[in-house]
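Novice: Quick one: structure below, then a few questions.
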Amino acid sequence: MSQTLLFYCRPGFENDVRQEWAGKRAEAGRWETGEGYTALHLDQRPEPEVYDAANWIFARQVLDVLGQASLGERDRLSPILDLLDRLPAQQQGPWSAVWLEHPDSDAGKPLSGFCRRFGPILEKALAERGLISDDAKRPRLHLFFTALDTVWIASADVRRASPWPLGIPRVRMPSEAPSRSTLKLSEAFMTLVPDADDRLKPGMVGVDLGAAPGGWTYQLVARGLKVFAIDNGPMKGNMAIHPHVKHLREDGFRYRPQHQVDWMVCDMVEQPARIAKLVADWFVQGHTRNAVFNLKLPMKKRWPEIERCFGLIEGALDEAGLRYTLSAKQLYHDREEITCYLALTRSEWAKRRR
Ligand SMILES: C[S@@+](CC[C@H](N)C(=O)[O-])C[C@H]1O[C@@H](n2cnc3c(N)ncnc32)[C@H](O)[C@@H]1O
């Protein structure tokens, strides 16, 4: 049975979604792309894992398309309900929720007001037809408006899809943090570290490479960690005087901790392969068990660069016989970059603990 997949992404990174697909999957199909999204028409339905938003770096959300509707100016509701009525029985709902969304693009953002107004109208109509269920495990209905008169209608498996509208987590800017970069690490913990509350605990020790002015250090300190902040530049605000922060004016590529630490984070602006080698060395030498690091990707061919960096890390850790997980995402707060999470498995860490 043919199937269309809809991917949401940061505007300008649609080609990166396609490159990532081609790098990871054998199935080829026809792509249909707009700013902030791209859809893939396939002859066959792919495996369920494909819908795991966490498995994709550049896609924020991956949905199963049910259809596309053109809407009239006076009556937008009827064409949507008609399309839903015509779906095969197994796709007809009921749904656990209905989300009205739009591309995260200059053209898409003005549609948010319309989505807010139209959402309750649609929800009421669906509820009257018995199409909204209390069962939170039921699929979610997504209406992705690319214009006031054009909508993609899609469904999401709530166990696999991103849990945030537009695939964008809401992150609060803490007033005490010295830089907006803090949002990136906060988002990384929400998105990439599934057991963050367990893996980041008071009393743990972290190293922040390229720490100044202290936005990432702030996130570690806020979770009760003691932090070695490595940077030749100055730490600012509370991060310059906090008793849990030790600022060392050293080269982040040369610095190594005297004792094993729980976390290493790295936001140095450098060639991605150099960062990848540095991170791999920290793990192979047993300096840390968790790392969040940023790979800056200003180049045109980002996917081959990512594959090269992951190859470097995986090659080094595999050769050292380590068991680990490596994941990555282009976060909402990432521009021409991605954020990666590398962690030893719990059993591996227990084995290596000195
Ligand atoms: C993007 S900023 C980091 C921002 C920081 N994560 C925050 O949230 O405030 C990059 C930092 O890396 C530092 N840096 C670059 N190369 C470095 C190196 N070789 N050793 C130490 N710090 C370095 C720079 O001085 C700069 O402060």
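Novice: Among the residues of the stretch 145-157, is any more than 23 Å from PRO79 (Cα to Cα), open to solvent by 30 Å² or more (accessible area, probe 1.4 Å) and hydrophobic (A, V, I, L, M, F, W, C)?
Specialist: Taking every residue of the stretch 145-157 in turn, none turns out to be more than 23 Å from PRO79 (Cα to Cα), open to solvent by 30 Å² or more (accessible area, probe 1.4 Å) and hydrophobic (A, V, I, L, M, F, W, C).
Novice: Right, next: Yes or no: the stretch 235-254 includes at least one residue that is polar (S, T, N, Q) and within 10 Å of the ligand (Cβ to nearest atom).
Specialist: There is no residue in the stretch 235-254 that is polar (S, T, N, Q) and within 10 Å of the ligand (Cβ to nearest atom).
Novice: Looking at the structure I just gave you, is PRO169 more than 18 Å from ASP64 (Cα to Cα), modelled with pLDDT of 95 or more and open to solvent by less than 70 Å² (accessible area, probe 1.4 Å)?
Specialist: yes
Novice: Next question, about the same structure. Go through the stretch 200-223 and give me each residue that's open to solvent by 30 Å² or more (accessible area, probe 1.4 Å) and either away from the ligand (no atom under 12 Å from the Cβ) or in contact (Cβ under 8 Å) with a residue 60 or more places away in the chain (or both).
Specialist: Across the stretch 200-223, the qualifying residues are LYS201, PRO202, GLY203, VAL205, ALA222, ARG223.
Novice: Which pairs have Cβ atoms under 6 Å, sit 6 or more apart or on different chains, and link a residue in the stretch 315-342 that is in the same structural domain as ARG302 (by TED's automatic domain parsing) and in contact (Cβ under 8 Å) with a residue 12 or more places away in the chain to one that is loosely packed, with under 13 Cβ neighbours inside 10 Å and not in a strand (DSSP E or B)?
Specialist: GLU336/PRO298
Novice: Can you spot a residue in the stretch 86-104 that is outside the structural domain of ASP267 (by TED's automatic domain parsing), in contact with an Asp or Glu (Cβ under 7 Å, 6 or more places away or on another chain), open to solvent by less than 20 Å² (accessible area, probe 1.4 Å) and modelled with pLDDT of 95 or more?
Specialist: Yes, the stretch 86-104 contains at least one residue that is outside the structural domain of ASP267 (by TED's automatic domain parsing), in contact with an Asp or Glu (Cβ under 7 Å, 6 or more places away or on another chain), open to solvent by less than 20 Å² (accessible area, probe 1.4 Å) and modelled with pLDDT of 95 or more.
Novice: Let me ask something else. Within the group THR38, THR4, which residue is under 19 Å from the mean Cα position of the chain (by Cα), β-branched (Val, Ile, Thr) and open to solvent by less than 50 Å² (accessible area, probe 1.4 Å)?
Specialist: From the options THR38, THR4, the qualifying one is THR38.
Novice: Moving on to the next point. Tell me, which residue of the stretch 175-189 that is among the aliphatic types (A, V, I, L, M) and within 17 Å of GLU336 (Cβ to Cβ) is nearest to the ligand (Cβ to nearest atom)?
Specialist: So the residue we want is LEU183.
Novice: Quick check on the stretch 107-117. Is at least one of its residues at pLDDT 95 or above, under 25 Å from the mean Cα position of the chain (by Cα) and either among the charged types (D, E, K, R) or not assigned by TED's automatic domain parsing to the domain that holds ILE153 (or both)?
Specialist: Yes - at least one qualifying residue is present in the stretch 107-117.
Novice: Which of the residues that make up the stretch 266-288 are assigned to a loop (DSSP other than H, G, I, E, B) and within 14 Å of the ligand (Cβ to nearest atom)?
Specialist: Within the stretch 266-288, ASP267, MET268, VAL269, GLU270, GLN271 meet the criteria.
Novice: Ok, one more. Pick from LEU122, LEU126, LEU131, LEU141: which is surrounded by 14 or more Cβ atoms within 10 Å (Cβ to Cβ) and over 28 Å from GLY36 (Cα atoms)?
Specialist: Matching residue, one of LEU122, LEU126, LEU131, LEU141: LEU131.
Each row is one residue, and each column tells you yes or no for (1) in a helix (DSSP H, G or I); (2) crowded, with 19+ Cβ neighbours inside 10 Å; (3) in contact with a Cys (Cβ under 6 Å, 6 or more places away or on another chain); (4) modelled with pLDDT of 95 or more.
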site: HIS247; (1), (2), (3), (4): no, yes, no, yes
site: ASP251; (1), (2), (3), (4): no, no, no, yes
site: MET264; (1), (2), (3), (4): no, yes, no, yes
site: ASN290; (1), (2), (3), (4): no, yes, no, yes
site: ASN294; (1), (2), (3), (4): no, yes, no, yes
site: GLY315; (1), (2), (3), (4): yes, no, no, yes
site: LEU326; (1), (2), (3), (4): no, no, no, yes
site: HIS333; (1), (2), (3), (4): no, yes, no, yes
site: TYR341; (1), (2), (3), (4): no, yes, no, yes
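Novice: Another one. Are any residues in the stretch 224-234 open to solvent by 30 Å² or more (accessible area, probe 1.4 Å) and either within 11 Å of the ligand (Cβ to nearest atom) or closer than 20 Å to VAL269 by Cα (or both), and if so, which ones?
Specialist: Residues satisfying the conditions are PHE228, ASP231, ASN232, PRO234.
Novice: Out of ARG30, ARG10, ARG45, report the one residue that is open to solvent by 20 Å² or more (accessible area, probe 1.4 Å) and under 21 Å from LYS301 (Cβ atoms).
Specialist: ARG10
The values are calculated or read from the model by the stated rules, or taken from the named source; none is laboratory data. Nothing here was measured: the structure is a model prediction, and the numbers come from that model. FYI the Cβ positions are ideal-geometry reconstructions off the backbone, even for glycines, and counts take in every protein chain you see. Side chains are part of the model used for accessible areas, which takes the heavy atoms of the whole protein and leaves out ligands, DNA and RNA. Shrake-Rupley method; radii C 1.70, N 1.55, O 1.52, S 1.80 Å.
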